[in-house]
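Below: one structure, written as structure tokens.
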Amino acid sequence: MAVLCAILAVALAVNFMPGRTGSREVAGREEFLQMMALMEESPGEYPAVSLKLFPFDPNRITAGELDSLDLPPAVKRNLLRYREKGGSFRRATDFGRLYGMKDSLMAVVSPYLVVTVPERPADKERNVFQRTESGPAGDKGEEGVVPKYETPYKSPGIVELNRTDSAGLLDLPGIGPAFAGRIIRYRNILGGFVSPDQLMEVYGMTRERMDQFLPFVTADTALVRPIRINFADIRTIAGHPYIDREEAARIVDFRSANGPFTSPAELLDHQLVNGEKFRKVGPYLSCR
């Protein structure tokens, strides 16, 4: 014990000798900022890719070039998938319909879009002439006739709206990934389409766009998911876009006071909904 105590005393004495040890000082703010600046100046083993916006053609830009383009990763993936499915952009505004694009982002990107429509072999075989009053110098033929090339369109066949997925909707003319996603979401909220005309209720749909694909769509009403008005609560009934919460509450209150409904027409008979509302929501109601 005496020997151990002597060794411990010597070790403590050496430890406190001047010049042998020094106290550690906490780095100040300026030293920390200097250290961060040195780290930023020193190149890493794998330098980060510099993202920026530059003029690009969405029909021709490669996956490698997309890596350097300052766009959200989801938009880049959707662009490549859309082209893999055979989609193309005819105008710069078509890029804004890509799923994931927003109006604010499109406003920033649009100056950099340079759309070149891919030439198809069939385009050269369909040379259609039309008369115009004027045209660029050298373009006019005899009597002001300017050649115009129309892109032939292959019919996608009939698309059943209640069975198809978003990929099937992309085969329709005038429907891009963004609109396909909106149609599927609205179909889920409705419980299915009872008529193709309901597509006009999809946000952003116009009659001009709808007329392009209306001959190619149909709706099987057997696939519609009805609301069981004798069992559904207020929240479930009001979840349908054709019924508001006040009407749903009247339906549930009437059912509680008078028993189950025997026919959806009782909603109209007892003025729980008006005639216009019943015309729209009637196909979605079931008493079973």
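Bear in mind these aren't lab numbers, they're just calculated from the coordinates by the rules spelled out. Only a predicted model underlies this, so the values are computations on that prediction, with no experimental measurement involved. Note that each Cβ is placed from the backbone with ideal geometry, even for glycine, and that neighbours are counted across all protein chains shown.
Just check the range 63-112 against the gyration tensor rule for me: Cα atoms, a ≥ b ≥ c as the square roots of the eigenvalues, rounded for a/c under 1.5, and otherwise prolate or oblate depending on whether a/b exceeds b/c. Before the final figure, lay out the partial values.
On the way: a/c = 1.58, a/b = 1.13, b/c = 1.40.
The shape class here is oblate.
What is the set of long-range amide H partners of LEU53 at a cut-off below 5 Å, with H atoms built 1.01 Å from backbone N? Counting only residues 5 or more places away or on other chains, the set is ASP70.
How would the range 159-223 be classified by its alpha-carbon gyration tensor: rounded, prolate or oblate, with rounded meaning a/c under 1.5 and the a/b versus b/c comparison settling the rest? Please list the in-between numbers first.
Details: a/c = 1.32, a/b = 1.29, b/c = 1.03.
Note, shape of the range 159-223 comes out rounded.
Could the peptides 68-74, 280-286 be put in order, highest first, of the mean number of other beta-carbon atoms found within 10 Å of their residues?
On the way: 68-74: 13.6, 280-286: 18.3.
The packing order, highest mean first, is 280-286, 68-74.
What is the dipole size for the range 193-288, taken about its Cα centre, with +1 at each Lys and Arg Cβ and -1 at each Asp and Glu Cβ, in debye to the nearest 20? Before the final figure, lay out the partial values.
Details: 12 positive and 13 negative charges, 50 e Å.
My answer is approximately 240 debye.
Using the Karplus relation 6.51 cos²θ - 1.76 cosθ + 1.60 with θ = phi - 60°, the per-residue 3J(HN,Hα) values for the range 276-288 come to 5, 5, 5, 4, 7, 8, x, x, 9, 9, 9, 9, 7 Hz, with x marking Gly and Pro. Under a 5 Å amide H cut-off, with hydrogens placed 1.01 Å from N, VAL159 pairs with VAL217, THR218 among residues at least 5 apart or on other chains.
Judged by the gyration tensor of its Cα atoms, with axes a ≥ b ≥ c, the range 227-286 is rounded; a/c sits under the 1.5 cut.
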